[in-house]
Amino acid sequence: MSEITLESKNCQSVSTSVTEKKKYFTNRSKYIHSFVGIAFMFGFPLLNPIEPITEIGMHILAIFIGMVYLWSTVNSIWPSILGLLLMTISGFATMTEVAVGAFGTDIAVLMLLSMVFFGGVEYAGCTQYMARWFVTRKIIDGRPYIFLFIFFLGSYFLSGLTDPIASLFILWPIAVEFLQELGVKKDEKAYAVTIFGIYLAATLGQPMFPFKGAALVCVATFESLSGIQVNYLAYVLVNIILSVIMLAVFMLLVKFIFKPDLRGFQKINVEQFKKNPLPPMNLQQKLFFISIFAYIIFLLAPSILPRTWFITEMLSRMGVLGITFLFVILLMIIHVDGKPVLPFGTVAAKSISWDVYFLVVAALYGANAVSNDITGIKAWLLQVLEPLLGNKPDVIFIALLLFFIATVTNIANNAGMVVILIPIVLAFSEQYPAVEPVTLSMLITFLAFFSILTPAASPYAGMLHARRDLIHVSDILKMGFPFVIIGVVLYTTIGYQLAKLFF
């Protein structure tokens, strides 16, 4: 007995030692990345200006590249604050101008309110009912591939309507439970396909709506730099169609390339998921469901209804921010059991991601600074990229940019890289009149969330790669590489033409 106790203590000691070493190396890595990023921000402007970049432009370019590097390797909060501070030291603007330009915009306010509004959906427990709806469709009975496709669609829409974390936290445990019931072992392909497919669908769902999450900064950057208003209805429809096509492509890869043994899945039926029924939805949950769909309809209505109608004019004047104000106010006014449907403070404390917020405000302000004529960066980009991107067939130009974003998003911050590419698209738009800037920029936004191959691709990719108890890294790479390559080809050909038709 004493020997067992001693062995247990030794195991705990080894485990603690490994954890401490891991923390040590993680902290040391963050210090190294922090030093590199800060050193670049301060050191690069000391070089002689690279024509046609001005002296201020050297500072702005260093600050922006430094922020993107630190966003990708450390976090988003202090690098964003540092970047905004250095904007003033560079002489680009005063501290007041930077603060107002970054934090005083409608996008900054919209980001906070939308995180609370959509966070309320999860807070009220609506996500469980969304997931349950998808897995209780009779069409899944005895149809393994149909079941997986529907299950992955549930992950996609759950992620789009809330966030990927909600999708993964709800659907991974459900998957583990039914895989165990079916007798599927963790070293089988079917297990890896299920776990990976849930993540894949969740990451595709991130940019479903242009008015929430990291997609907001991408769309807002394009609108700010181009002066073109993105058609929200076209954006949502194109995203959903292409995402469903990509999930169908994944299912084809599963059936004909990966070939997992799904014979056990033939026992799947709706009753398995109904054996632990959820209680009837309460009034708060029903009101949130109604409000979330009404909110989306209100935002898309100006793209559908005749412009001369009073309701269209009113919604257009309100814009995304005004409509968000309206729904937040209504949900706070309406009370259920003596409490507001949306308890703003409580939900805000849980749902506001300050990393995303600071990244949005700094990236948007930084993109405007980079594109300002006083910096000369836009002219320099044209000069440098002309040999690579200039005078190419349209399809090659599109393919190069889409391949670049699909590749680099696996090692760098998604939204940050889109913000870098949008000025390039706009700069070359005159040379490629057949290429529509809004269409290509939105496709770049969609592909930026093909974050699969490395833990650095996104916080959610880090979650996937960290779940060694559910899936091996080798399985992620085997399924991820062909998916990304096919995605680039499909978005370059069918995707671009489809988006061009809608936009």
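The values are calculated or read from the model by the stated rules, or taken from the named source; none is laboratory data. Note that the coordinates shown come from a computational prediction; the quantities given were computed from them, not determined experimentally. Here the Cβ is made from the backbone with ideal geometry for all residues, glycine too, and neighbour counts use every protein chain on show. Surface accessibility is based on the protein's heavy atoms, side chains included, excluding ligands, DNA and RNA. Shrake-Rupley method; radii C 1.70, N 1.55, O 1.52, S 1.80 Å.
Please give the number of the condition ILE494 fails out of (1) open to solvent by less than 50 Å² (accessible area, probe 1.4 Å); (2) touching a residue at least 60 places away in the same chain (Cβ under 8 Å).
Status for ILE494: all satisfied but (1).
Name the residues in the range 402-416 that are open to solvent by 10 Å² or more (accessible area, probe 1.4 Å) and either touching an Asp or Glu at 6+ places or on another chain (Cβ under 7 Å) or within 11 Å of TYR491 (Cα to Cα) (or both), would you?
Correct list: PHE403 only.
Being small (Gly, Ala, Ser) and in contact with a Phe, Trp or Tyr (Cβ under 7 Å, 6 or more places away or on another chain) is the filter; apply it to the range 100-149 and report the residue that is farthest from TYR199 (Cα to Cα). Steps first, please.
Of all residues in the range 100-149, those small (Gly, Ala, Ser) come to 101-102, 104, 108, 114, 119-120, 124-125, 131, 142.
Cutting the leftovers down to in contact with a Phe, Trp or Tyr (Cβ under 7 Å, 6 or more places away or on another chain) gives us 101-102, 114, 120, 124.
Details: GLY101: 36, ALA102: 33, SER114: 23, GLY120: 23, ALA124: 23 Å.
So, considering only residues that are small (Gly, Ala, Ser) and in contact with a Phe, Trp or Tyr (Cβ under 7 Å, 6 or more places away or on another chain), the one farthest from TYR199 (Cα to Cα) is GLY101.
Any residue at all in the range 145-166 that is in a loop (DSSP other than H, G, I, E, B), at pLDDT below 95, out of contact with any Cys (no Cβ under 9 Å at 6 or more places or on another chain) and crowded, with 21+ Cβ neighbours inside 10 Å? Before you say what the answer is, go through the steps one by one.
Taking the range 145-166 as the starting set, the residues that turn out to be in a loop (DSSP other than H, G, I, E, B) are 162-163.
When the remaining residues are screened for being at pLDDT below 95, the result is 162-163.
Filter once more, keeping what is out of contact with any Cys (no Cβ under 9 Å at 6 or more places or on another chain): 163.
In the following step, the residues that additionally are crowded, with 21+ Cβ neighbours inside 10 Å were identified as 163.
Yes, because at least one residue in the range 145-166 is in a loop (DSSP other than H, G, I, E, B), at pLDDT below 95, out of contact with any Cys (no Cβ under 9 Å at 6 or more places or on another chain) and crowded, with 21+ Cβ neighbours inside 10 Å.
Cβ contacts < 8 Å: first residue of a type in the set (D, E, K, R), restricted to the range 217-228; second residue open to solvent by 10 Å² or more (accessible area, probe 1.4 Å) and assigned to a loop (DSSP other than H, G, I, E, B), any location; separation 6+ or different chain. Result?
GLU223/GLN229
Which residue out of LEU315, LEU278 is surrounded by 15 or more Cβ atoms within 10 Å (Cβ to Cβ), farther than 30 Å from SER451 by Cβ and more than 23 Å from the chain's Cα centre (by Cα)?
Sole residue among the options that is surrounded by 15 or more Cβ atoms within 10 Å (Cβ to Cβ), farther than 30 Å from SER451 by Cβ and more than 23 Å from the chain's Cα centre (by Cα): LEU315.
Select from the range 323-336 the residues that are surrounded by fewer than 17 Cβ atoms within 10 Å (Cβ to Cβ) and touching a Leu at 6+ places or on another chain (Cβ under 8 Å) and write down the one among them that is farthest from PHE502 (Cα to Cα).
The selected residue is VAL336.
Could you count how many residues in the range 455-488 are part of a helix (DSSP H, G or I) and within 15 Å of the chain's Cα centre (by Cα)?
Taking the range 455-488 first, the residues part of a helix (DSSP H, G or I) are 455-457, 459-466, 473-488.
From what is left, the residues that are within 15 Å of the chain's Cα centre (by Cα) are 455-457, 459-464.
So the count comes out to 9.
PRO260 passes all but one of (1) open to solvent by 20 Å² or more (accessible area, probe 1.4 Å); (2) touching a helix residue (DSSP H, G or I) at 6+ places or on another chain (Cβ under 8 Å); which number fails?
Answer for PRO260: the failing condition is (1).
Would you check which residues across the range 428-449 are among the hydrophobic types (A, V, I, L, M, F, W, C) and either surrounded by fewer than 18 Cβ atoms within 10 Å (Cβ to Cβ) or over 18 Å from VAL68 (Cβ atoms) (or both) and list them? Explain how you work it out, then say what you get.
Within the range 428-449, the first condition is being among the hydrophobic types (A, V, I, L, M, F, W, C), and the residues that meet it are 428, 434-435, 438, 440, 442-444, 446-449.
PHE428, ALA434, VAL435, VAL438, LEU440, MET442, LEU443, PHE446 - these are the residues of the range 428-449 that are among the hydrophobic types (A, V, I, L, M, F, W, C) and either surrounded by fewer than 18 Cβ atoms within 10 Å (Cβ to Cβ) or over 18 Å from VAL68 (Cβ atoms) (or both).
Write out, first by first residue and then by second, each pair whose Cβ atoms fall under 6 Å of each other, whose residues are 6+ apart or on separate chains, and whose first residue, in the range 359-381, is open to solvent by 10 Å² or more (accessible area, probe 1.4 Å) while the second is among the small types (Gly, Ala, Ser) and in a loop (DSSP other than H, G, I, E, B).
Every condition considered, the pairs that remain are LEU359/SER76.
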